[in-house]
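**Q** Sending over a structure as C-alpha coordinates; questions will come in a sec.
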Amino acid sequence: MTENLESCGFPDGKRYNSFVGYFKRKYGERLQKIVLDAGFTCPNRDGKVGRGGCTYCDNAAFHPAYSTAGKSLHTQMDEGIEFHKVRYRTTEHYLGYFQSFSNTYAPLERLMQLYEEALRHPQVVGIVIGTRPDCVDPQKLDYLAELSRGNVLKGWRRSLSDGQVRTAPIVIVEYGIESCNDDTLVRINRGHDFQTARKAVMMTAERGLDVGAHFILGLPGETRKMMLDSCRMINELPVRSAKFHQLQIVKGTRMEKEYAESPQDFERFTLDEYLDFFVDMLERLRPDLFIERFVGEVPPRFVNETPWGLIRNVELLRLLEKRLEERQTWQGRLLSL
(Lines give C-alpha, C1' and ligand atoms only; values in the text may rest on other atoms or scores of the structure.)
Protein backbone atom coordinates (compact mmCIF):
# COMPACT_ATOMS: atom_id res chain seq x y z
CA MET A 1 0.00 0.00 0.00
CA THR A 2 2.82 2.44 0.81
CA GLU A 3 4.30 1.90 -2.63
CA ASN A 4 0.93 2.65 -4.24
CA LEU A 5 0.54 5.86 -2.26
CA GLU A 6 4.03 7.09 -3.08
CA SER A 7 3.57 6.29 -6.77
CA CYS A 8 0.46 8.51 -6.79
CA GLY A 9 2.58 11.45 -5.60
CA PHE A 10 1.15 12.16 -2.14
CA PRO A 11 4.24 13.46 -0.30
CA ASP A 12 2.35 14.33 2.89
CA GLY A 13 1.65 10.66 3.60
CA LYS A 14 -2.07 11.15 2.98
CA ARG A 15 -4.34 9.18 0.70
CA TYR A 16 -5.37 12.26 -1.25
CA ASN A 17 -3.55 15.27 -2.65
CA SER A 18 -3.55 17.90 0.09
CA PHE A 19 -3.64 21.49 -1.12
CA VAL A 20 -2.30 22.81 2.20
CA GLY A 21 0.81 20.64 1.91
CA TYR A 22 1.35 21.61 -1.72
CA PHE A 23 1.01 25.30 -0.97
CA LYS A 24 3.55 25.21 1.82
CA ARG A 25 6.04 23.25 -0.29
CA LYS A 26 5.65 25.54 -3.30
CA TYR A 27 5.84 28.86 -1.48
CA GLY A 28 8.07 27.91 1.43
CA GLU A 29 5.73 29.04 4.20
CA ARG A 30 2.18 28.90 5.43
CA LEU A 31 0.00 31.55 3.80
CA GLN A 32 -3.40 32.59 5.15
CA LYS A 33 -6.14 34.02 2.96
CA ILE A 34 -7.74 37.29 4.02
CA VAL A 35 -11.24 37.66 2.57
CA LEU A 36 -11.79 40.99 0.79
CA ASP A 37 -15.01 42.66 -0.31
CA ALA A 38 -14.26 45.10 -3.11
CA GLY A 39 -17.88 46.01 -3.80
CA PHE A 40 -18.51 43.80 -6.83
CA THR A 41 -21.81 42.32 -7.97
CA CYS A 42 -22.68 39.52 -10.43
CA PRO A 43 -24.18 39.51 -13.95
CA ASN A 44 -27.03 37.27 -12.77
CA ARG A 45 -27.94 39.91 -10.20
CA ASP A 46 -27.77 43.18 -12.12
CA GLY A 47 -29.76 42.08 -15.18
CA LYS A 48 -26.95 41.37 -17.62
CA VAL A 49 -27.77 37.66 -17.71
CA GLY A 50 -30.39 37.45 -14.95
CA ARG A 51 -31.82 38.77 -11.71
CA GLY A 52 -31.72 37.55 -8.15
CA GLY A 53 -28.37 35.76 -8.23
CA CYS A 54 -27.82 32.03 -7.70
CA THR A 55 -30.76 30.44 -5.88
CA TYR A 56 -28.56 29.11 -3.06
CA CYS A 57 -26.51 32.24 -2.46
CA ASP A 58 -26.32 34.59 0.49
CA ASN A 59 -22.82 36.08 0.56
CA ALA A 60 -23.22 37.04 4.22
CA ALA A 61 -23.20 33.33 5.11
CA PHE A 62 -19.49 33.05 4.29
CA HIS A 63 -18.49 36.65 4.86
CA PRO A 64 -16.29 37.42 7.91
CA ALA A 65 -17.14 40.51 9.93
CA TYR A 66 -13.88 42.30 9.07
CA SER A 67 -14.62 42.10 5.32
CA THR A 68 -17.14 44.81 4.50
CA ALA A 69 -17.66 46.77 1.31
CA GLY A 70 -16.91 50.44 1.93
CA LYS A 71 -13.81 49.79 4.01
CA SER A 72 -10.54 50.25 2.17
CA LEU A 73 -8.77 47.06 1.14
CA HIS A 74 -5.85 47.93 3.43
CA THR A 75 -8.21 48.30 6.39
CA GLN A 76 -9.82 44.95 5.60
CA MET A 77 -6.37 43.38 5.33
CA ASP A 78 -5.21 44.86 8.65
CA GLU A 79 -8.35 43.73 10.46
CA GLY A 80 -8.21 40.31 8.80
CA ILE A 81 -4.60 39.82 9.87
CA GLU A 82 -5.48 40.69 13.47
CA PHE A 83 -8.42 38.30 13.31
CA HIS A 84 -6.32 35.37 12.05
CA LYS A 85 -3.36 36.03 14.36
CA VAL A 86 -5.35 34.48 17.20
CA ARG A 87 -5.28 31.10 15.43
CA TYR A 88 -2.24 31.35 13.17
CA ARG A 89 0.32 33.15 15.30
CA THR A 90 3.38 32.19 13.25
CA THR A 91 1.94 33.28 9.88
CA GLU A 92 3.96 36.14 8.41
CA HIS A 93 2.45 36.61 4.94
CA TYR A 94 -1.04 36.61 3.51
CA LEU A 95 -3.05 36.34 0.32
CA GLY A 96 -5.74 38.88 -0.47
CA TYR A 97 -8.80 36.75 -1.29
CA PHE A 98 -11.25 38.63 -3.51
CA GLN A 99 -14.17 36.37 -2.63
CA SER A 100 -17.46 38.25 -2.47
CA PHE A 101 -19.51 38.04 -5.66
CA SER A 102 -17.71 38.11 -9.06
CA ASN A 103 -14.31 39.74 -8.70
CA THR A 104 -13.48 40.23 -12.37
CA TYR A 105 -16.86 41.80 -13.16
CA ALA A 106 -15.65 45.34 -13.83
CA PRO A 107 -13.60 47.22 -16.44
CA LEU A 108 -9.95 46.22 -16.55
CA GLU A 109 -8.80 49.63 -15.28
CA ARG A 110 -10.87 49.20 -12.12
CA LEU A 111 -9.56 45.67 -11.58
CA MET A 112 -5.97 46.84 -11.94
CA GLN A 113 -6.52 49.51 -9.30
CA LEU A 114 -8.02 47.04 -6.80
CA TYR A 115 -5.58 44.16 -7.29
CA GLU A 116 -2.53 46.40 -7.15
CA GLU A 117 -3.86 48.18 -4.05
CA ALA A 118 -4.12 44.84 -2.24
CA LEU A 119 -0.64 43.80 -3.34
CA ARG A 120 0.89 46.97 -1.92
CA HIS A 121 0.08 45.86 1.61
CA PRO A 122 3.47 44.97 3.13
CA GLN A 123 2.35 41.53 4.37
CA VAL A 124 0.54 40.46 1.22
CA VAL A 125 2.42 38.19 -1.19
CA GLY A 126 -0.38 37.43 -3.61
CA ILE A 127 -4.06 37.50 -4.51
CA VAL A 128 -6.74 34.88 -5.09
CA ILE A 129 -9.54 36.04 -7.37
CA GLY A 130 -12.92 34.33 -7.04
CA THR A 131 -15.11 34.87 -10.07
CA ARG A 132 -17.52 33.41 -12.60
CA PRO A 133 -16.46 31.84 -15.92
CA ASP A 134 -18.47 34.41 -17.90
CA CYS A 135 -16.68 37.37 -16.29
CA VAL A 136 -13.24 37.01 -17.86
CA ASP A 137 -11.82 37.84 -21.27
CA PRO A 138 -8.38 37.63 -22.95
CA GLN A 139 -7.41 41.16 -21.94
CA LYS A 140 -8.10 40.61 -18.24
CA LEU A 141 -6.30 37.28 -18.26
CA ASP A 142 -3.31 38.74 -20.13
CA TYR A 143 -3.02 41.39 -17.43
CA LEU A 144 -3.17 38.79 -14.65
CA ALA A 145 -0.51 36.71 -16.38
CA GLU A 146 1.81 39.71 -16.62
CA LEU A 147 1.08 40.57 -12.99
CA SER A 148 2.08 37.04 -11.92
CA ARG A 149 5.37 37.31 -13.86
CA GLY A 150 6.42 40.48 -12.06
CA ASN A 151 5.99 42.67 -15.15
CA VAL A 152 3.38 45.04 -13.69
CA LEU A 153 4.47 46.10 -10.21
CA LYS A 154 8.08 47.00 -10.87
CA GLY A 155 10.28 46.77 -7.81
CA TRP A 156 7.70 44.73 -5.87
CA ARG A 157 9.58 42.54 -3.36
CA ARG A 158 8.73 40.46 -0.31
CA SER A 159 11.35 38.86 1.95
CA LEU A 160 10.28 35.37 2.97
CA SER A 161 10.94 33.64 6.27
CA ASP A 162 13.56 31.32 4.74
CA GLY A 163 15.64 34.25 3.51
CA GLN A 164 14.47 34.10 -0.09
CA VAL A 165 12.97 37.11 -1.85
CA ARG A 166 9.78 36.99 -3.90
CA THR A 167 9.85 39.44 -6.82
CA ALA A 168 6.48 38.54 -8.38
CA PRO A 169 3.15 38.18 -6.60
CA ILE A 170 1.18 34.93 -6.45
CA VAL A 171 -1.93 35.15 -8.65
CA ILE A 172 -4.61 32.45 -8.51
CA VAL A 173 -7.93 32.53 -10.37
CA GLU A 174 -10.73 30.54 -8.73
CA TYR A 175 -13.83 29.82 -10.79
CA GLY A 176 -17.24 29.03 -9.37
CA ILE A 177 -18.32 26.24 -11.70
CA GLU A 178 -20.69 24.60 -9.18
CA SER A 179 -21.96 21.84 -11.52
CA CYS A 180 -20.96 20.15 -14.78
CA ASN A 181 -24.64 19.66 -15.65
CA ASP A 182 -26.28 22.35 -17.79
CA ASP A 183 -29.81 21.57 -16.55
CA THR A 184 -28.61 22.14 -12.98
CA LEU A 185 -26.93 25.41 -13.91
CA VAL A 186 -30.21 26.66 -15.39
CA ARG A 187 -32.17 25.54 -12.34
CA ILE A 188 -29.91 27.39 -9.89
CA ASN A 189 -29.91 30.55 -12.07
CA ARG A 190 -26.17 30.57 -12.78
CA GLY A 191 -26.60 32.26 -16.15
CA HIS A 192 -23.83 30.31 -17.91
CA ASP A 193 -23.32 26.75 -19.12
CA PHE A 194 -20.53 24.26 -18.51
CA GLN A 195 -18.91 25.00 -21.87
CA THR A 196 -18.42 28.59 -20.71
CA ALA A 197 -16.61 27.28 -17.65
CA ARG A 198 -14.45 24.94 -19.74
CA LYS A 199 -13.47 27.79 -22.07
CA ALA A 200 -12.58 30.16 -19.21
CA VAL A 201 -10.46 27.53 -17.47
CA MET A 202 -8.63 26.72 -20.71
CA MET A 203 -7.87 30.38 -21.45
CA THR A 204 -6.58 30.91 -17.92
CA ALA A 205 -4.37 27.82 -17.82
CA GLU A 206 -2.94 28.60 -21.26
CA ARG A 207 -1.48 31.79 -19.79
CA GLY A 208 0.33 29.91 -17.05
CA LEU A 209 -1.94 31.05 -14.25
CA ASP A 210 -2.87 28.75 -11.38
CA VAL A 211 -6.55 27.83 -11.70
CA GLY A 212 -8.89 26.62 -8.98
CA ALA A 213 -12.50 25.46 -9.30
CA HIS A 214 -15.44 25.26 -6.92
CA PHE A 215 -18.22 22.65 -7.00
CA ILE A 216 -21.33 22.09 -4.88
CA LEU A 217 -22.46 18.53 -4.14
CA GLY A 218 -26.19 17.95 -3.67
CA LEU A 219 -27.73 20.60 -5.93
CA PRO A 220 -31.40 19.99 -6.83
CA GLY A 221 -32.03 17.39 -9.50
CA GLU A 222 -28.59 15.80 -9.25
CA THR A 223 -28.32 12.17 -8.19
CA ARG A 224 -25.24 10.65 -6.61
CA LYS A 225 -24.51 8.89 -9.90
CA MET A 226 -24.64 12.21 -11.77
CA MET A 227 -22.19 13.75 -9.31
CA LEU A 228 -19.81 10.80 -9.61
CA ASP A 229 -20.05 10.91 -13.40
CA SER A 230 -19.00 14.58 -13.28
CA CYS A 231 -15.54 13.50 -12.09
CA ARG A 232 -14.65 12.66 -15.69
CA MET A 233 -15.39 16.23 -16.82
CA ILE A 234 -13.55 17.70 -13.83
CA ASN A 235 -10.51 15.54 -14.63
CA GLU A 236 -10.43 16.97 -18.14
CA LEU A 237 -10.20 20.56 -16.90
CA PRO A 238 -6.66 21.98 -16.53
CA VAL A 239 -7.33 23.12 -12.97
CA ARG A 240 -4.64 22.87 -10.31
CA SER A 241 -6.98 22.62 -7.32
CA ALA A 242 -10.63 22.08 -6.48
CA LYS A 243 -13.00 22.91 -3.63
CA PHE A 244 -16.04 20.76 -2.98
CA HIS A 245 -18.86 21.77 -0.63
CA GLN A 246 -21.94 19.89 0.44
CA LEU A 247 -25.06 21.90 -0.31
CA GLN A 248 -26.28 23.87 2.69
CA ILE A 249 -29.76 25.38 2.58
CA VAL A 250 -29.32 28.98 3.67
CA LYS A 251 -32.26 30.79 5.23
CA GLY A 252 -33.93 33.42 3.09
CA THR A 253 -32.67 32.10 -0.25
CA ARG A 254 -34.88 30.94 -3.10
CA MET A 255 -33.43 27.47 -2.62
CA GLU A 256 -34.85 27.35 0.90
CA LYS A 257 -38.32 27.74 -0.60
CA GLU A 258 -37.57 25.21 -3.35
CA TYR A 259 -36.36 22.67 -0.80
CA ALA A 260 -39.48 23.16 1.33
CA GLU A 261 -41.69 22.57 -1.71
CA SER A 262 -39.74 19.68 -3.33
CA PRO A 263 -37.40 17.99 -0.83
CA GLN A 264 -37.43 14.82 -2.96
CA ASP A 265 -35.40 16.69 -5.61
CA PHE A 266 -32.44 17.07 -3.25
CA GLU A 267 -29.78 14.48 -2.44
CA ARG A 268 -29.14 14.98 1.27
CA PHE A 269 -26.28 13.31 3.14
CA THR A 270 -25.70 12.27 6.71
CA LEU A 271 -22.10 12.82 7.76
CA ASP A 272 -21.25 9.13 7.34
CA GLU A 273 -22.92 9.05 3.93
CA TYR A 274 -21.04 12.15 2.81
CA LEU A 275 -17.68 10.77 3.93
CA ASP A 276 -18.25 7.59 1.95
CA PHE A 277 -19.60 9.49 -1.04
CA PHE A 278 -16.62 11.84 -1.14
CA VAL A 279 -14.26 8.88 -0.93
CA ASP A 280 -16.12 7.51 -3.97
CA MET A 281 -15.40 10.83 -5.71
CA LEU A 282 -11.75 10.86 -4.70
CA GLU A 283 -11.28 7.42 -6.22
CA ARG A 284 -12.46 8.89 -9.55
CA LEU A 285 -10.51 12.17 -9.44
CA ARG A 286 -7.08 12.38 -11.06
CA PRO A 287 -4.34 12.07 -8.43
CA ASP A 288 -2.55 15.31 -9.43
CA LEU A 289 -5.62 17.43 -8.58
CA PHE A 290 -5.09 19.19 -5.26
CA ILE A 291 -8.10 19.03 -2.96
CA GLU A 292 -8.40 22.38 -1.22
CA ARG A 293 -11.64 21.63 0.59
CA PHE A 294 -14.25 18.90 0.68
CA VAL A 295 -16.86 20.43 3.01
CA GLY A 296 -18.30 23.87 3.68
CA GLU A 297 -19.02 25.62 6.96
CA VAL A 298 -21.92 28.07 7.22
CA PRO A 299 -22.47 29.78 10.59
CA PRO A 300 -25.43 28.12 12.37
CA ARG A 301 -27.48 31.32 12.41
CA PHE A 302 -27.80 31.15 8.60
CA VAL A 303 -29.37 27.69 8.45
CA ASN A 304 -32.48 26.06 9.90
CA GLU A 305 -30.70 22.86 10.82
CA THR A 306 -27.18 21.59 11.44
CA PRO A 307 -27.58 17.83 10.85
CA TRP A 308 -23.86 17.19 11.31
CA GLY A 309 -23.70 19.16 14.54
CA LEU A 310 -21.04 21.83 15.05
CA ILE A 311 -18.11 19.67 13.95
CA ARG A 312 -15.17 21.73 12.69
CA ASN A 313 -13.24 21.35 9.46
CA VAL A 314 -10.09 19.95 11.10
CA GLU A 315 -12.09 17.08 12.58
CA LEU A 316 -13.82 16.44 9.25
CA LEU A 317 -10.43 16.15 7.56
CA ARG A 318 -9.38 13.62 10.19
CA LEU A 319 -12.54 11.61 9.56
CA LEU A 320 -11.93 11.67 5.80
CA GLU A 321 -8.41 10.32 6.21
CA LYS A 322 -9.70 7.65 8.58
CA ARG A 323 -12.39 6.58 6.09
CA LEU A 324 -9.84 6.36 3.26
CA GLU A 325 -7.67 4.17 5.45
CA GLU A 326 -10.59 1.97 6.48
CA ARG A 327 -11.50 1.41 2.85
CA GLN A 328 -7.85 0.90 1.85
CA THR A 329 -8.23 3.33 -1.02
CA TRP A 330 -6.83 6.63 -2.29
CA GLN A 331 -7.41 9.48 -4.75
CA GLY A 332 -7.41 8.27 -8.35
CA ARG A 333 -7.45 4.57 -7.49
CA LEU A 334 -10.23 3.67 -9.92
CA LEU A 335 -8.52 5.50 -12.79
CA SER A 336 -5.71 2.95 -12.81
CA LEU A 337 -7.99 -0.08 -12.98
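**Q** What dipole magnitude, in Debye to the nearest 20, does the chain give about its Cα centre under +1 on Lys/Arg Cβ and -1 on Asp/Glu Cβ? Before the final figure, lay out the partial values.
**A** On the way: 47 positive and 47 negative charges, 149 e Å.
I would put it at about 720 debye.
**Q** Is the shape of the range 289-329 rounded, prolate or oblate, going by the alpha carbon gyration tensor and its root eigenvalues a ≥ b ≥ c, with a/c under 1.5 for rounded and a/b larger than b/c for prolate? Let's see the in-between values first.
**A** Numbers: a/c = 3.14, a/b = 1.93, b/c = 1.63.
Prolate, since a/c reaches 1.5 and a/b exceeds b/c.
**Q** Let me ask you something else. Which entry in [x] 67, 46, 31; [y] 63, 59, 34; [z] 54, 53, 39 is this structure's computed Cα extents along the principal axes in Å?
**A** Looking at Cα extents along the principal axes in Å for this model, the match is [z].
**Q** Tally Lys and Arg at +1 and Asp and Glu at -1 over the other residues with C-beta under 13 Å from the C-beta of Arg157: what net charge comes out?
**A** Details: positive: Arg120, Lys154, Arg158, Arg166; negative: none.
Here the count lands on +4.
**Q** Take Thr167, Thr91 and sort them by solvent-accessible surface of the protein heavy atoms, 1.4 Å probe, largest at the top. Walk me through the numbers before you get to the answer.
**A** Working: Thr167 80, Thr91 15 Å².
So the residues, ranked largest to smallest area, are Thr167, Thr91.
**Q** How large, in percent, is the carbon and sulfur part of the accessible surface of the range 10-138 at a probe radius of 1.4 Å? Spell out each step's value before the answer.
**A** Values: 2930 of 5470 Å².
About 54 percent, which is the carbon plus sulfur part of the accessible surface.
**Q** Next question, about the same structure. For the range 94-237, what class follows from the C-alpha gyration tensor (a ≥ b ≥ c being the square roots of its eigenvalues): rounded when a/c is under 1.5, otherwise prolate if a/b is larger than b/c, else oblate?
**A** prolate
**Q** How much of the DSSP beta bridge set in the range 8-124 is antiparallel, as a percent to the nearest 5? Mind showing how you got there, number by number?
**A** On the way: 1 of 9 bridges.
The answer is about 10 percent antiparallel.
**Q** Counting only protein heavy atoms and using a 1.4 Å probe, what share of the accessible area of the range 185-337 belongs to carbon plus sulfur, as a whole percent? Present the calculation step by step, with values, prior to reporting the outcome.
**A** Values: 3620 of 7190 Å².
Answer for the range 185-337 is 50 percent, counting heavy atoms of protein chains only.
**Q** Moving on to the next point. Any idea how far apart Glu326 and Lys71 come out in nm if each label point goes 7 Å out from Cα toward Cβ?
**A** 4.1
**Q** Straight-line reach from Lys26: which lysines have a Cα under 29 Å away, not including same-chain ones fewer than 8 places off?
**A** Counting by Cα, and skipping residues close in sequence, Lys26 has these lysines nearby: Lys14, Lys85, Lys140, Lys154, Lys199, Lys243, Lys322.
**Q** Counting only the backbone N, which residues of the range 290-326 are under 15 Å from the spot 7 Å out from the Cα of Val20 toward its beta-carbon?
**A** The answer is 291-297, 312-322, whose backbone nitrogens lie closer than 15 Å to the label point.
**Q** About its Cα centre, how strong a charge dipole does the range 34-190 have in debye, to the nearest 20, once Lys and Arg get +1 and Asp and Glu get -1 at the Cβ? Could you put the intermediate results ahead of the total?
**A** Details: 18 positive and 19 negative charges, 50 e Å.
That gives the range 34-190 a dipole magnitude of about 240 debye.
**Q** In the neighborhood of Gln195, defined by Cβ-to-Cβ distances under 13 Å, what is the net charge if each Lys or Arg adds +1 and each Asp or Glu adds -1? List each step's numbers first, then the result.
**A** Numbers: positive: Arg190, Arg198, Lys199; negative: Asp134, Asp182, Asp193, Glu236.
With Lys, Arg at +1 and Asp, Glu at -1, the neighbours total -1.
**Q** Relative contact order for the chain: what percent, with Cα pairs under 8 Å and sequence separation of 6 or more?
**A** Values: 558 pairs, mean separation 60.5, N = 337.
Relative CO of the chain lands at 18 percent.
**Q** Tell me, what is the per residue accessible area of the chain in Å², probe radius 1.4 Å? Can you show the working numbers first?
**A** On the way: 15440 Å² over 337 residues.
For the chain, the per-residue accessible area is 46 Å².
**Q** Okay, moving on. Which residues in the range 115-137 have a backbone N closer than 11 Å to a point placed 7 Å from the Cα of Leu108 along the Cα-to-Cβ line?
**A** 137
**Q** Can you bin the range 43-132 into rounded, prolate or oblate? Criterion: square roots of the alpha carbon gyration tensor eigenvalues sorted a ≥ b ≥ c, rounded for a/c under 1.5, prolate for a/b above b/c, oblate for the rest.
**A** Because a/c hits 1.5 or more and a/b fails to exceed b/c, the range 43-132 counts as oblate.
**Q** Rounded to the nearest 5, what % of DSSP beta bridges with both residues in the chain are antiparallel? Provide the component values of the computation, followed by the final result.
**A** On the way: 4 of 38 bridges.
The answer is about 10 percent antiparallel.
**Q** What percent do you get for the relative contact order of the range 167-245 when only Cα pairs under 8 Å and 6+ apart count? Could the numbers behind the result be given before it?
**A** Numbers: 97 pairs, mean separation 29.1, N = 79.
This gives 37 percent for the range 167-245.
**Q** Once you've got the GNM for the chain with C-alpha springs shorter than 10 Å, pick whichever of Lys257, Lys71, Lys48 has the biggest mean-square fluctuation.
**A** Comparing Lys257, Lys71, Lys48 in a Gaussian network model of the chain, the most mobile one is Lys48.
The values are calculated or read from the model by the stated rules, or taken from the named source; none is laboratory data. Because the structure is a prediction, the values reported are computed rather than measured. Cβ: placed from backbone, ideal geometry, glycine included. Neighbour counts: every protein chain shown. Surface accessibility is based on the protein's heavy atoms, side chains included, excluding ligands, DNA and RNA. Shrake-Rupley method; radii C 1.70, N 1.55, O 1.52, S 1.80 Å.
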